[in-house]
1. Springs between alpha-carbon pairs under 10 angstrom, Gaussian network model over the chain: which of L153, L193, L36 fluctuates most?
2. Taking H placed 1.01 Å from N in the peptide plane, check which residues at least 5 places from T105 or on another chain put their amide H under 5 Å from its amide H.
3. Once label points are set 7 Å from the Cα along Cα→Cβ at both E53 and S235, what is their separation, rounded to one decimal in nm?
4. 5 Å is the cut-off here: which amide hydrogens, built 1.01 Å from N in the peptide plane, fall below it relative to M121, excluding neighbours closer than 5 in sequence?
5. Measure of size requested: the Rg and Dmax of the stretch 98-256, with Cα atoms as the atom set and Å as the unit; please supply both.
6. Can you check what the net charge comes to around T176, using other residues whose Cβ is under 14 Å from the Cβ of T176 (Lys, Arg +1; Asp, Glu -1)?
7. Go ahead and run the numbers for FRET between F202 and E125, Cβ-Cβ distance against an R0 of 25 Å, rounding to 0.05.
8. For a quick check, take a GNM of the chain with Cα springs below 10 Å and name the residue from R76, R16, R212 with the largest mean-square fluctuation.
Amino acid sequence: MDQATAPRTRTSGIDRTLQIMDILAERKVAMSAYDLAKSAGAPVSTIYRLVDELVERSMLTRQPDNMIWLGPRLMRYGLVYRAQMDVFSLAQQEMQRLVDATGETVQICARDEGMMLVIGMAHGEGHFRVASAVGTRVPLNWTASGRLLLGHLGDEDRRATFAATARPSNTGMAETDPDVLSRQAREDFENRLSVQFNASEFSVACIAAPIRDESGACVATISIVVPDRKAEERSEALSVAVRDAAASVERSLGRH
């Protein structure tokens, strides 16, 4: 068997790290580095080195008796993940109430690095359909929700993100200037409302409101997606409805 086809037998540092985390989570007690190595079936020197690196990065903690336990950085990740799940669950409930109240299509969106990701969607009455189904990812500058998802950031971070991620849309109507986008994003976030016409799809408008966590960061958006003509005709009523829906989710999350 040549080297190209030989099975991979070396365990990566990432795999060993996950083994350590899994062992501690399963045992639910602090352990010595030596016992971790034995439980993982790994060389003691390898586990000692990994433990030192993970303790340095607060992924693990070393107790006074030299026993190893999970670190505070993991709690931060877990809390962020849990908060996102709470947001999605609460927003889903509000999404359906908003559909029933307005009769229009409603989406829940979140940020995925330099993209906006549709994570929830409910169709309104009638035959109106949009191309951006659940799982769709589009550049942040294409959508009203995308601007809101960056609106809480500081001026430099907000502009730098738009500069790195903004792309021309298929309709050619999405703004790409990072200075303009940064200013719009902040204004929309402070107004708790963003409206965009024909940027990602022709004849389609999006009216979005931010869902903010306790720190004030926009963790998701809820938006009404309608034909552009209807958005103009019902602008005030739809704007009030989507703002109220976002505020309802925030209250459920404990934000006042």
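1. Maximum among the listed residues: L36.
2. Long-range HN contacts for T105: G124, V225.
3. Distance between the two pseudo-spin positions: 5.6 nm.
4. I108
5. 14.3, 43
6. My count for the surroundings of T176 gives +1.
7. Numbers: r = 22 Å, r/R0 = 0.89.
Approximately 0.65, to the nearest 0.05.
8. Checking each option, the largest mean-square fluctuation is seen for R16.
Each reported figure results from applying straightforward, stated rules to the coordinates on display, with no laboratory input. Predicted model only: the values in this text are computed from it and were never measured. Glycine gets a Cβ as well: all are built from the backbone with ideal geometry, and neighbour counts include every protein chain shown.
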